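The values are calculated or read from the model by the stated rules, or taken from the named source; none is laboratory data. Computed from a predicted model, the values in this text were never measured in an experiment. Neighbour counts run over all protein chains shown; Cβ positions are idealised from the backbone, glycine included.
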Amino acid sequence: MWDYLRRHERFVREALAGKHGEVAFAELKSFHLEQVYNLQHERFIHLIVTMAVALFTLMAIGGAVTLGHWSVGLLAFVLLGLTVAYLLHYFRLENGVQRLYGLSQEIDLRTVKVSACYDGKGTRVWRRRPG
């Protein structure tokens, strides 16, 4: 999934830089939004799975503490490792989708006369495309 996200991000950045020749920005925006939608769906599914695995991990830890049996402790340890892996995956997926939102704003600047962008402090900056 990360490779797919990186390839799409690279494609859009190259299209914005003009490396793919003449680009119809309205079509690029449509294609890009479809990919963002797919990645948002993937992100939502991974959130559900991550939360379920984290819940089972907490239940296994509680069972290990309550029962004091080594097999439940081993299960808790394995689930903890899986939870950490899912959290790292979800973190990278979330940050990648956030970068794609920024690319959407860059595409907007080329397709519409006014676009809302946000600076690093969270305030809205209106940009007007010349012409």
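Can Leu87 be described as within 17 Å of Phe25 (Cα to Cα), part of a helix (DSSP H, G or I) and modelled with pLDDT of 90 or more?
no
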On the basis of being among the β-branched types (Val, Ile, Thr) and surrounded by 14 or more Cβ atoms within 10 Å (Cβ to Cβ), does Val78 make the cut? no
Go through (1) within 16 Å of Val97 (Cβ to Cβ); (2) in contact with a helix residue (DSSP H, G or I) (Cβ under 8 Å, 6 or more places away or on another chain); (3) not hydrophobic (A, V, I, L, M, F, W, C) and name the single condition Asn38 misses. (2)
Exception for Arg110 within (1) without any contact (Cβ under 8 Å) to a residue 40 or more places away in the chain; (2) touching a helix residue (DSSP H, G or I) at 6+ places or on another chain (Cβ under 7 Å); (3) surrounded by fewer than 16 Cβ atoms within 10 Å (Cβ to Cβ) falls at (1)
When segment 40-62 is checked residue by residue, the ones that are farther than 16 Å from Tyr86 by Cα and surrounded by 16 or more Cβ atoms within 10 Å (Cβ to Cβ) are Ala60, Ile61
